1. Let me check something: with ligands and nucleic acids excluded, how do His282, His422 order by accessible area (1.4 Å probe), largest to smallest?
2. For the chain, take the longest principal axis of its alpha carbons; what is the angle in degrees between that and the long axis of helix 131-141, to the nearest 10 within 0 to 90?
3. Roughly speaking, what is the stretch gain from Asp361 to Asp139, that is 0.36 nm per residue apart minus the C-alpha to C-alpha distance, in nm to one decimal?
4. If I fit a long axis through the Cα atoms of helix 280-290 and take the longest principal axis of the Cα atoms of the chain, what angle between them do I get, 0 to 90°, rounded to 10?
5. On C-alpha positions alone, give me the angle between the axis of helix 560-572 and the longest principal axis of the chain, in degrees, nearest 10.
6. What shape does the chain take by its C-alpha gyration tensor, where a ≥ b ≥ c are the square roots of the eigenvalues and a/c under 1.5 counts as rounded, a/b above b/c as prolate, and the rest as oblate?
7. Using +1 on the beta carbon of Lys and Arg, -1 on that of Asp and Glu, and nothing else charged, what's the dipole of the chain about the Cα centre, debye to 20?
8. Put +1 on the Cβ of each Lys and Arg and -1 on the Cβ of each Asp and Glu in the chain; which of Tyr223, Ala289, Thr112 then has its Cα farthest toward the positive end of the dipole?
Amino acid sequence: MPKSSASAVQASLPGLCPLTEAVDVLSRAGLEERGAIFTRREVVDFILDLIGYTADRPLHEARLLEPSFGDGDFLLPAIERLMLSYGDRAHGDSAATDLRAAIQGVELHTNTYLATRVKVVALLRDHNFSVRDAGVLADAWLSQGDFLLADLPHDFTHVIGNPPYIRQEMIPQVLIDEYRRRFSTIYDRADIYVPFIERGLTALAPNGALAFICADRWIKNRYGGPLRRFVANGFHLRAYVDMVDTPAFHSDVIAYPAIFVIGRERHGPTRLAHRPSIDATHLTKLARAMTGANDASSDVIEFEAVGKGDEPWVLDDFDALALVRRLESEHPTLEEAGCKVGIGVATGADQAFIGDLDALDVEPERKLPLVMTRDIASGSIAWRGKGVINPFLDDGKLAPFSQFPKFGRYLEARRAEIAGRHCAQKTPANWYRTIDRIYPALVTRPKLLIPDIKGAAHIVYDEGRYYPHHNLYFITSDEWDLRALQAVLLSGIGSLFVGAYSTKMRGGYLRFQAQYLRRIRVPAWKTVKPAMRKNLVAAAEALDAAACNEAVAALYNLTEAERGVLTYKKAAT
């Protein structure tokens, strides 16, 4: 669905308010536009077990909410459990009255709502409800509308489901504006499942719990910060199950999924499991272990603290986490140790600003040699001769065309492309500036170059000859010898920290972004002994992975077990 404006929405159905029309548009959308993903029954039963919605409990006294029930993947199994729990009382005249508050389901898509209502009535009829009572319960339980805007009749003991996964640009702007007004956790480019989690949590009764299976991006990335803070301020993560690379759904998904069980209480242990086998028997046993219903399982890890405030949640393997925590307690961050982390230049119009350096027909002062990701694929720089136009003087002002006529003619010939950028339209007087300011002095500074997305740390040394492109991060330092630092980062240390704090991409790739690189801990350079410095530099210059690992193990005083963790993390990525 294309991004819609309020005026466009109003024009399509005159007489309706823009917000009503936007909801109506989504209620008629296709599967992809509304973010519908269908969950396997074994996983649904596992989630119901994890949250304690089991037939051996008086479920008619519980109040369960399914905020996006779709075809009934969660709703119908929950109703089956409710029927088993209620037992023979389903035959009585008071059954419909007893069960009216037991279930609440919301579905936006009109045809899906109608089709699932038919299934619910049929299921109730199978349990000997009359046509009338089945219809009464179905109408009491189910509503059609936008969960994020709907009125809810009461609070809930259980909230379950698989919220829609929809990027903001797929939602009419008038709806996004309303969501932002209502929900504090919608931040930056947050997907719509984020306010679903917030609304589900606020709908919980004291000691109630929410169990969702959805993308795990929010636990570590930038847009998840407000939601992590929201959880930390009034809730408790009871359980987390990493579902990456498991067939949890009936179709492949790009996002990495996880199961979260979050309770409306402030304290308690968190139980963690990784990538379980999607087998009913195995999942039943795992649920019992995670809820404390039997002895601890080797597949389950228990710990006391997830994170503070909006800090990323580190939920990886605990041997690695223990090493991260030790190094964090003993050493400063990269920047505290005198290193600076930055990112290369984004121009917004690479075809205009970037070309073969010698062929860029501008004054020599107005172009710089540019290093790009392809140039460092081998582990050292094999420059392909590219350059970037530099529109900035040393003081940060834009270079005037009167002083650099060739530069002016070059840009004027490409004015339509350059001035059409969003940043240029915001400040027309500065139409030819690059998105990021260029600092020419960076060219001659020694630096380490790091591509954004990689399976393992890819650290390349530039002795001071090139300016980095926007998909390269760089590290400079006035204290650390960068060759020695290269050895540290080429070892498993880089992957250890980045892997702990970043989200993984499809194929297991990590995001080696500045926010994660800044979390790496290194000793202060003045504390590194001369012999150690020499070993680190020699290992980096030789690009000898084994030598880097050996020197870094000595630098950090790693135990044999910690060396094994570092080797494993490096191999795993």
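The values are calculated or read from the model by the stated rules, or taken from the named source; none is laboratory data. Because the structure is predicted, anything quoted here is derived from the model rather than measured. Counting neighbours? That spans all protein chains shown, and the Cβs are built from the backbone with ideal geometry, glycine included. Calculation scope for accessible area: heavy atoms of the full protein, side chains included, ligands and nucleic acids excluded. Shrake-Rupley method; radii C 1.70, N 1.55, O 1.52, S 1.80 Å.
1. Final ranking, largest accessible area leading: His422, His282.
2. With rounding to tens, the tilt is 30 degrees.
3. 72.7 nm
4. Approximately 80 degrees, to the nearest 10.
5. Computed tilt is about 90 degrees.
6. It is oblate, given that a/c is not under 1.5 and a/b is not larger than b/c.
7. 1440
8. Going by the charge dipole, the pick is Tyr223.
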